[in-house]
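Worksheet for the structure shown next.
The values are calculated or read from the model by the stated rules, or taken from the named source; none is laboratory data. Since the model is a prediction, treat every value here as computed from it, not as a measurement. We place every Cβ from the backbone using ideal geometry, glycine too, and count neighbours over all the protein chains shown. We work out accessible area using only protein heavy atoms, side chains counted, and drop any ligands, DNA or RNA first. Shrake-Rupley method; radii C 1.70, N 1.55, O 1.52, S 1.80 Å.
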Amino acid sequence: MRVVLYSGRLFDFGVMMVETTLTNGLILPKADEPQDWVLKDIFIREGRIEAITTAGERSPEGTIVEAAGCLVTPGLINSHHHSHEHYHKGRYDRVPLELWMNYVRPLTPIPVTPRHVYLRTLIGAIQALRSGTTTIVDDLNVSPQLDPVIVNAAFQAYRDIGIRAMVGLTLFDKPFYRALPFVDEEFPNELLVELDQVKTSPASETLEFVKSLARQHHPSSARVAAILAPSAPQRCTDIFLQEIRAVADDLDLPIIIHVHESRLQAVTAQLFYGKSMFKHLGDLNFLGPKTQLIHAIWTAPSDIQLLAETGTSVQHNPNSNLKLGSGLMPLRAYLDAGVNVSLGTDGCGSIDTLDMLRTVASTALVHKLRGDDPSRWVDAADSWSAGTLGGAKALGFEGKLGEIAVDAKADLCCYRLTSAAFTPLNNPLRQLVYGETGADLETILVDGDIVMLKGQLTCIDENAILAEAQEAHQELEPFIACAETHVDKMMPAYQRIYSRCQKMLIDPDILPARFPE
């Protein structure tokens with residue numbers, strides 16, 4: 001059968017093929033299963049795994065993807081990043097969350113064109129694929145003014161490169177600078193007047209747009225789909241959160257929302273609600289399956305139990321949390337309680353990379369600092385499971401993503417076993433997690449389509465895209481720098497609020513998230 005590969009799609013004399021066979025691969029088992037050292041063939045039909053057999057047991061069909069000498073894994077799921085931060089990569093360090101976040105969400109608009117947005121989206125998607133990520137969740141900020149053309153550019157970028165993407169437009173109906181305590185006391189009145197006059201798209205308009213987008217591009221049927229991304233409880237009124245919950249229930253959409261990312265936010269919760277934001281969301285009936293609480297660092301055992309009872313997931317971003325000094329999530333406590341945990345990188349404005357293999361490794365390493373019982377330390381299996389199965393469950397794709405199984409989506413990665421990282425081959429999972437293996441990626445399939453072959457992306461001209469993105473940044477850099485100077489005007493007030501909250505007591509039941517100096 002003569003088959004032609006073009007832009008990641010498979011054709012036979014002009015007719016799209018729906019059959020592919022990946023042959024002779026060593027399949028990485030689930031974290032709780034022993035390694036099966038028998039080589040396997042994977043048969044793919046209409047983007048799903050139709051059968052898995054011992055190599056040679058059944059004749060290959062359709063396009064043959066040779067995986068001899070490769071470890072075949074499910075693609076990683078990056079459950080959280082912000083593509084609007086890609087042009088900010090490398091600009092910030094030694095800045096805590098509440099001071100930093102204003103720089104990547106400036107109220108002074110940066111004049112990006114649809115092409116700028118297309119390119120910046122691809123910057124992240126390229127790095128995601130090259131670190132074994134086949135599904136990415138994008139919390140995309142479109143304020144102060146919603147522009148559907150800009151949103152469409154991001155969607156098109158994900159379609160063109162071939163990655164699976166779930167895009168949530170950041171939803172909020174309270175300005176970010178109003179989501180802190182003591183704003184009226186610490187901000188100069190003239191600055192508040194200036195900030196309050198900034199025109200933004202009504203939150204209701206953005207939510208209606210997202211509803212329309214989700215009906216057209218639903219996660220159940222679209223490879224690039226819309227989800228719901230309310231920013232955080234303190235940035236949304238209770239009524240708006242309930243409206244978002246109603247949309248999620250009506251359209252069966254996943255939700256992602258930032259909760260208790262920093263100590264300051266734990267203080268904010270007590271001042272705003274008289275309880276944790278976890279409990280506040282529980283009182284609003286906002287919690288539940290297919291809902292991810294991003295970061296969830298500063299938490300008490302009662303909060304963890306609430307999440308377990310409601311089937312709510314938490315979303316761990318260890319490298320971003322470390323760089324921003326936000327703290328260390330009590331991961332083992334969540335796992336012990338039966339709370340589902342997913343992994344993400346967060347945005348390139350904070351951690352500068354979408355390398356999910358690095359995220360998985362960090363998760364398995366940094367949590368060994370908690371506790372003195374080695375048997376309870378987070379290990380490579382825990383971390384890999386969170387980066388695959390945990391992400392799938394959090395998004396409502398349990399049994400469909402994050403694993404190699406019959407009827408699962410054919411999102412697969414092949415790593416060269418002849419590389420130094422896998423030589424000698426003792427434990428494929430541990431060597432994958434700890435071994436800096438991203439450079440060993442040979443082939444990637446998403447929905448059964450080949451998006452990387454022999455180390456080269458097949459759907460885009462990677463070098464040309466990155467060169468054009470560099471030029472786009474040069475065009476925009478003066479505007480980014482100018483917007484940063486405007487943000488600088490808010491920093492003295494923010495620093496006073498930050499220092500003031502640092503001196504306030506928090507719930508003594510909250511598990512420790514930082515080490516004293």
Original post:
If you go through the range 420-459 one residue at a time, how many are open to solvent by 40 Å² or more (accessible area, probe 1.4 Å) and in a strand (DSSP E or B)?
Top reply: 3
Subject >> Positions within the range 406-419 being within 17 Å of Arg164 (Cβ to Cβ) and surrounded by fewer than 24 Cβ atoms within 10 Å (Cβ to Cβ), in sequence order >> reply: Asp407, Ala408
Subject >> the range 280-315, residues that are of a type in the set (A, V, I, L, M), under 21 Å from the mean Cα position of the chain (by Cα) and open to solvent by less than 20 Å² (accessible area, probe 1.4 Å) >> reply: Leu293, Ile294, Ala296, Ile297, Leu307, Val314
Original post:
What are the residues in the range 460-492 that are among the aliphatic types (A, V, I, L, M) and either at pLDDT below 95 or open to solvent by 30 Å² or more (accessible area, probe 1.4 Å) (or both), if any?
Top reply: Ala464, Leu466, Ala467, Ala481, Ala483, Val487, Met490, Met491
Original post:
Any residue in the range 319-326 that is farther than 23 Å from Gly402 by Cα, among the polar types (S, T, N, Q) and either surrounded by fewer than 18 Cβ atoms within 10 Å (Cβ to Cβ) or out of contact with any Ser or Thr (no Cβ under 7 Å at 6 or more places or on another chain) (or both)?
Top reply: yes
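Of Leu99, Leu71, which residue is among the aliphatic types (A, V, I, L, M) and open to solvent by 10 Å² or more (accessible area, probe 1.4 Å)? It would help to see each step written out before you state the result.
Numbers: Leu71 fails: open to solvent by 10 Å² or more (accessible area, probe 1.4 Å).
After ruling out the rest, the residue left standing is Leu99.
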**OP:** Would you check if Glu398 is among the charged types (D, E, K, R) and either in contact with a helix residue (DSSP H, G or I) (Cβ under 9 Å, 6 or more places away or on another chain) or open to solvent by less than 30 Å² (accessible area, probe 1.4 Å) (or both)?
**Re:** yes
Subject >> Leading residue by the ranking (surrounded by the fewest Cβ atoms within 10 Å (Cβ to Cβ)) among those in the range 353-381 that are more than 17 Å from Pro74 (Cβ to Cβ) and polar (S, T, N, Q) >> reply: Ser375
**OP:** Check every one of the helices (runs of 4 or more DSSP H) wholly within the range 159-257 and list those with 2 or more residues that are open to solvent by less than 10 Å² (accessible area, probe 1.4 Å) and either of a type in the set (Lys, Arg) or under 21 Å from Phe286 (Cβ atoms) (or both).
**Re:** 203-216, 238-251
Subject >> Tally, over the range 258-267, of residues that are part of a helix (DSSP H, G or I), touching a helix residue (DSSP H, G or I) at 6+ places or on another chain (Cβ under 8 Å) and open to solvent by less than 20 Å² (accessible area, probe 1.4 Å) >> reply: 3
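Do we find that Thr113 is among the hydroxyl-bearing types (Ser, Thr, Tyr) and open to solvent by less than 40 Å² (accessible area, probe 1.4 Å) in this structure?
No; evaluated as a whole, the condition is false for this residue.
Do the conditions hold for Ile404, that is, is it assigned to a loop (DSSP other than H, G, I, E, B) and over 21 Å from Pro254 (Cβ atoms)?
Details: assigned to a loop (DSSP other than H, G, I, E, B): yes; over 21 Å from Pro254 (Cβ atoms): yes.
Judged against the criteria, Ile404 is a match.
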Original post:
If we scan the range 132-146, do we find a residue that is in a helix (DSSP H, G or I) and either open to solvent by less than 20 Å² (accessible area, probe 1.4 Å) or at pLDDT 95 or above (or both)?
Top reply: no
Original post:
What number of residues within the range 6-56 satisfy the criterion of being assigned to a strand (DSSP E or B), open to solvent by 50 Å² or more (accessible area, probe 1.4 Å), hydrophobic (A, V, I, L, M, F, W, C) and at pLDDT below 95?
Top reply: 3
